[in-house]
Amino acid sequence: MRYHFFMLFFSFFSLAINAQYISEDGEIDRETMGSDIKTFPHSSKKQNDFIKEILNELVSDLKGHPAIQESKEKRDKLTLTIMDLGSRRGDFSFLNPHHVAQKAREERRTNDTISMYVLILEERLAAMQDSIRGVYQELKDIVEDEDQTRATKKKAITLFATSNDLKDIEYIFENSSNHMFPSITSSEDIFSDKNRGTLRTGMNALYWDKIPGNGGIKKITEDHNWILFPFMVKYWGDPEWNIRVGRENLLEYVIARRMFLRDLNKPELLVEFMRANAEDPDTPIFKMLE
């Protein structure tokens, strides 16, 4: 008898929860649910048992509530409610043990205003970057202008090569054969590191801007601009690019020696990595590096 009374009470209690938080048309009352949960001591056994009971009823309604079964949107909302309550997030984040600390952090962020001076500096920095970007574009236009003198175009590509913009670097690699502005006299040593590749001034200027000419390992790790490395892997392993640069690929060997072959303990590992990631590991440039 007592068992039947208990089951009757349990069924009534469950129906009460069901009617209280989910209406006949399938609308979920999260606010009331949260308020009722807060009536129990935080993290107490009674509160946890009450939450489990609500979750059981919500899962049951997800499978059997007529209005929810007829609407995908309402099923999704109920599923989200179950997930939020079960994981103590969203409307139920107050159940999270770290809720108080989290709320304090959110309040600090709300009151954490940005200095007007910093915002002004941000605008100035953006304006300067736009201005510099405009200068590089003008230098590129000069290089492509057929009416400019050889000396002007050579100086322009030399300045353009100081850019660290990936698109600018790729432009020089892609158009390497178009940036040849010879300036070596017969009295100069064309095989010296200083003059190697001056027949291809664009590439020469790009390499010499990013890679210092002297120094040991510390100089390499601190001063070398390794932004060129992925481009070297890509283009040194491109058969067509190797054909375009022709005999001028000696410049790449000089650069490789200066950049890493001369000073690294095991440069062959770096070369092996480059070849493993290249389109063709047996191009003339990579053959020289062997």
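Where a number appears in this text, it was derived from the coordinates with a stated rule and is not lab data. Just so you know, these numbers come straight off a predicted model, no measurement behind them. Cβ sites come from the backbone with ideal geometry, for glycine too, and all protein chains shown count toward neighbours.
Given R₀ = 51 Å, what would the calculated FRET efficiency be for LEU125 paired with PHE50, taking r from the Cβ atoms and rounding to 0.05?
Plugging the Cβ-Cβ distance into 1/(1 + (r/R0)^6) gives 0.40.
With a sphere of radius 14 Å drawn around the Cβ of HIS65, what net charge do the other residues whose Cβ falls strictly inside it have (Lys, Arg +1; Asp, Glu -1)?
-4
Using R₀ = 25 Å, calculate the FRET efficiency as 1/(1 + (r/R₀)^6) where r is the Cβ-Cβ separation of GLN137 and ILE243; round to 0.05.
E between GLN137 and ILE243, to the nearest 0.05, is 0.25.
How much length would be gained if the chain were fully extended between ASN265 and THR32, taking 0.36 nm per residue of separation minus their Cα-Cα distance, in nm to one decimal?
77.0 nm
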